[in-house]
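Contents: one structure, followed by commentary.
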Amino acid sequence: MNNPSIQSQSAEFQQQYQDGPFPALIVNADKDLDLDGTVAWARENKEHLFKALSDSGTVLFRDFPLSSPEDFDAFIGAFGESGFTYKESLSNAVRVNLTERVFTANEAPPEVGIYLHHEMAQTPLFPSKLYFFCQIAADKRGQTPVCRSDVLLDRMKETMPEFVQNCRDKLVKYSLIMPASDDPESGQGRGWQSTLGVETRQEAEARLAKLGYSWAWLDDGSLRTTTPALPAIREATNGREAFFNQLIAAFLGWADVSHAGVHKIAFGDGTPIPADDMQRICDMAEDLIVDLPWQAGDVALVDNYQVMHGRRSFEGKRRVLAALIS
Ligand code: FE2
């Protein structure tokens, strides 16, 4: 990197893998560096930084002069990649846009934790990368847990090869109920109109049909949807296979929809995914977690194909913003 005051560093919270530390940590010690200088530095070092991302799956940038959503937006812009807009996504989280690229990460209340997931892997449309920016760190907890899904899959191949084979052969599908309107109290409370980007039931059905979903309207005006069979394993940027899906978050966190006659997660042929297997996977993933210890001004760049993320519950005010890359 071309500024001697900006260096890779090691820290106690990192894990060590054969391809280096997870996450990679890049710290700025140049007190005179301003926003323009930061953006220029990021642009000039893009190749090096993206190599670090591909090796590690996550890069944490610390002590750069970034304090507002606009600063964060400018930093992301340095890499010149196109955004994945929340509006066109099928995300089930309630969010608020601050700039065209930047939005609040999740409006769910502080006591609600968010389980590990790959962003939007429960839909056919998902981003390749995510940027997080800590504008205000919580008084207590509020870290962003991250987990290497390629390492998790390696462990699953050793300990539960049959399950892995079922994922390959049958794929997986997800069922959830989209509320009649946005419910900001829930981590997955986005209403069907907003989720699907439509106004009427007819438009909703047309969008779902195009995406290969099946659906049913429920008596209270909510909409039960089931995805087409989606891959649960995918090749990550570094060429390794990763456990790329939403199974953990769905298993641990999503509302039970059995009252509506479906399992929230199933193999693609409709057979249920055994809860015992899911619990083992959750336990293995928990062992691999690194909790990103936010400081105000931090940016984390996460490879969505390789690394899962979540959110710890917190106390106090916390403001973590996000942006997605298509
Ligand atoms: Fe997320």
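The figures follow:
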read-out: Candidates ALA300, ALA296, filtered to the one that is closer than 30 Å to ASP63 by Cα, small (Gly, Ala, Ser) and within 14 Å of the ligand (Cβ to nearest atom); value: ALA300
read-out: Answer residue from region 152-173, given it is surrounded by fewer than 21 Cβ atoms within 10 Å (Cβ to Cβ) and β-branched (Val, Ile, Thr) and is farthest from HIS117 (Cα to Cα) among those; value: THR159
read-out: Complete set of residues in region 29-56 that are surrounded by fewer than 17 Cβ atoms within 10 Å (Cβ to Cβ), among the hydrophobic types (A, V, I, L, M, F, W, C) and in a helix (DSSP H, G or I); value: LEU35, ALA40
read-out: From SER89, SER67, residue being hydroxyl-bearing (Ser, Thr, Tyr), in a loop (DSSP other than H, G, I, E, B) and touching a Leu at 6+ places or on another chain (Cβ under 7 Å); value: SER89
read-out: Selection within region 211-254 - aromatic (Phe, Trp, Tyr) and in contact with a helix residue (DSSP H, G or I) (Cβ under 8 Å, 6 or more places away or on another chain); value: TRP215, TRP217, PHE243, PHE244, PHE251
read-out: Residue ID - modelled with the lowest pLDDT, chosen from residues in region 178-193 that are more than 16 Å from LEU252 (Cα to Cα) and in contact with a helix residue (DSSP H, G or I) (Cβ under 9 Å, 6 or more places away or on another chain); value: ASP182
read-out: Any hit, region 94-107, residues being of a type in the set (D, E, K, R), closer than 26 Å to ILE233 by Cα, more than 16 Å from the ligand (Cβ to nearest atom) and free of Cβ contacts under 8 Å to residues at least 60 places away in the same chain; value: no
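The values are calculated or read from the model by the stated rules, or taken from the named source; none is laboratory data. Keep in mind that what you see is a predicted model, and the values were worked out from it rather than measured. For neighbour counting, all protein chains shown are included, and Cβ atoms are generated from backbone atoms with ideal geometry for every residue, glycine included.
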